[in-house]
Amino acid sequence: MGYGIDANKKFQKELNSGTAALVLLSLLARAEEPMYGYQIAKRLESESGKLPMMKQGALYPVLRSMENSGLLASHVDPSISGPPRRYYHITAAGRDTLKSWKAIWDRTKTFVQVFLGGDHD
Amino acid sequence: MGYIEDYLNQLRTELKGCDPALLQDALFDAEDHLRAALATAQAETSEFSELEAFHKVVERYGSPVETASAYREIEARISSFWPPESRLSSRFPAGRFFGIFGEPRAWGAFLYMLFAGLTGGVYGLWALIGGAAAMLCSIFIFGIPVAGLFLFSIRGIALLEGRLVQALLGVRMPWRPIFIQREIGWGSKIKLLFTEMQTWKALIYTLLQLPLGLAYSLFIALAMALSLSFMAAPLLELVFKLPLELFGTDAFTPVWLLPVVSLGGIFMLPMILHAVRRIGKLHGRYAKTMLVKR
C-alpha cells in the first residue's frame, strides 16, 4: 500500500511542477494589485475550494524562479509597523507567456482526455 | 514565536550544503508565511492553542523536509537551464577559444567591468565622504543616528551591488531585506547595524570597489583600445596616414607586417573576453563572501 501512496504523491508532484507556474501566472494576471506569498496561497485555497493540490511552501520557489526568468517582478515593501513583504506582479513578458501556455494547456488537456476515454467530441 | 524559530532551524538543517542565497530565500519565505498564517489561524479560531494552530499551519505549508525538497528541485531545474560555460565545451581548441563570443557570462562580466569604474567610484566616494561625515558627527549627540543611517545606506548599496553581480556575473546573491527580525524598534535596528558583521564587510567591499572598479574599467578600456587599433592598423596607416602610437612613440609599421598586426588585434578580442570571464568569476566569488550573510 505504501508504494501506491508514494507513487500517487510522485505523480501529483510531477504534474504540479508544470501546472503550478501556469496557475500562479493566471492568478497574478487577474489580480488588480501586486500580491504577497501568503495572500496568493490564501486566494488559491479559497478559489479552489480547498483542493489540496500542493503544499503552500512549494509555491514560493516557483514564484522566485518565475521572477528569475522575467515572468514576474517583485518588490519588498519595508513597512515599519508590520513585517516587510515581497509583493509579486506579472510582467508584460509574463502575460505573453501566459497566452501561449494557455494554448499548450488546452492542447494537452484535449490530448489526455482522448486516452482517458472522456466523452470528447 | 518559538515554534517558527524551530521550524526555521529545521529548514536550515534540511538545506545544509545548499547555496547560501537559496537558503536565505527559503528562510525568508517560510518565516513570512508562517507568521502571517499563524496570526490568521489564531485570530480565526481562538479555541486552538498556539501549538495546535501552528500544526495546522505547517500541515498546509509543508514540513521542513517537504519545503526543502521543493526549493532543491526548482534550484536543480534552474541550474540545468543555464549550464555554466555551455558553449566552451567544444572539442577543438579553436572552438573553445572563439566560442567565448557566444558565452553570455563573458559578455556579462565585460559589461560589469566596463561600468565598475563608475559604480565603484560612486560606492567608494559615498563610503569615504559619508563615513567621514558620520565620524565627524559622532562627537555630537545626534552622531549615532547619523552613523546608523550611513551604515543603513551601505547595506542598501550592498543589496544593489548584489543584484548587479547576480545579473551580470551569474552568481546567486541574496534577496533578503536588511532587517530579518521585524518587530524591533529603530533603536534596536541601529544597534543591529553596528553589531552585525555583515555591515562591516559591506563597508570594506564598497571602499575597495573604488580602486578595484577603476582598475577593471581601465583594463577594459586599454585592452579594447589596443585590440581595436591593431585591427584597424592597415586602415589607419595606409588610408588615413596615422601612425600606431605605442607607449608615447609614433611608429609606422612596415606594410608587410600590417596584416599580422591586424590579425593580432582580432586574436586579442577573444583573449580579452577569456580574461574578463575569469576575472568576473573571481569577483563574483569574492562579492559573495563579502555580501551574502552565511
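The conditions are (1) modelled with pLDDT of 80 or more; (2) open to solvent by less than 80 Å² (accessible area, probe 1.4 Å); (3) out of contact with any Phe, Trp or Tyr (no Cβ under 9 Å at 6 or more places or on another chain), and residue B:60 fails exactly one of them. Which is it?
(2)
Only one of B:42, B:24 is closer than 27 Å to residue B:76 by Cβ and assigned to a helix (DSSP H, G or I). Can you tell me which? Outline the logic, then answer.
Numbers: B:42 fails: closer than 27 Å to residue B:76 by Cβ.
Unique residue meeting the criteria: B:24.
Here are the criteria: (1) touching a Ser or Thr at 6+ places or on another chain (Cβ under 7 Å); (2) of a type in the set (D, E, K, R); (3) at pLDDT below 85. Tell me which single one residue B:155 does not satisfy.
It is condition (3) that residue B:155 fails.
Do we find a residue being surrounded by fewer than 16 Cβ atoms within 10 Å (Cβ to Cβ), in contact (Cβ under 8 Å) with a residue 24 or more places away in the chain and either at the interface with chain A (Cβ under 8 Å from one of its Cβ atoms) or charged (D, E, K, R) (or both) anywhere in the range B:4-23?
Within the range B:4-23, none of the residues are surrounded by fewer than 16 Cβ atoms within 10 Å (Cβ to Cβ), in contact (Cβ under 8 Å) with a residue 24 or more places away in the chain and either at the interface with chain A (Cβ under 8 Å from one of its Cβ atoms) or charged (D, E, K, R) (or both).
Which of the following residues is in a helix (DSSP H, G or I), open to solvent by 10 Å² or more (accessible area, probe 1.4 Å) and of a type in the set (A, V, I, L, M, F, W, C): B:70, B:53? If you could, list the steps in order and put the result at the bottom.
On the way: B:53 fails: open to solvent by 10 Å² or more (accessible area, probe 1.4 Å).
After ruling out the rest, the residue left standing is B:70.
Output the residues belonging to the range A:30-62 that are more than 14 Å from chain B (Cβ to nearest Cβ) and exposed (fewer than 14 other Cβ atoms within 10 Å of the Cβ).
Taking the range A:30-62 as the starting set, the residues that turn out to be more than 14 Å from chain B (Cβ to nearest Cβ) are A:30-34, A:47, A:49.
Result: A:30, A:32, A:33, A:47, A:49.
Just the residues that are over 21 Å from residue B:71 (Cβ atoms) and within 8 Å of chain A (Cβ to nearest Cβ), please, taken from the range B:28-39.
none
The values are calculated or read from the model by the stated rules, or taken from the named source; none is laboratory data. Fair warning: this is a prediction, and the values are worked out from it, not measured in the lab. As a convention, Cβ positions derive from the backbone with ideal geometry for all residues, glycine included, and neighbour counts pool all protein chains shown. The protein model used for the area step is the full one, side chains on, heavy atoms only, and it has no ligands, DNA or RNA in it. Shrake-Rupley method; radii C 1.70, N 1.55, O 1.52, S 1.80 Å.
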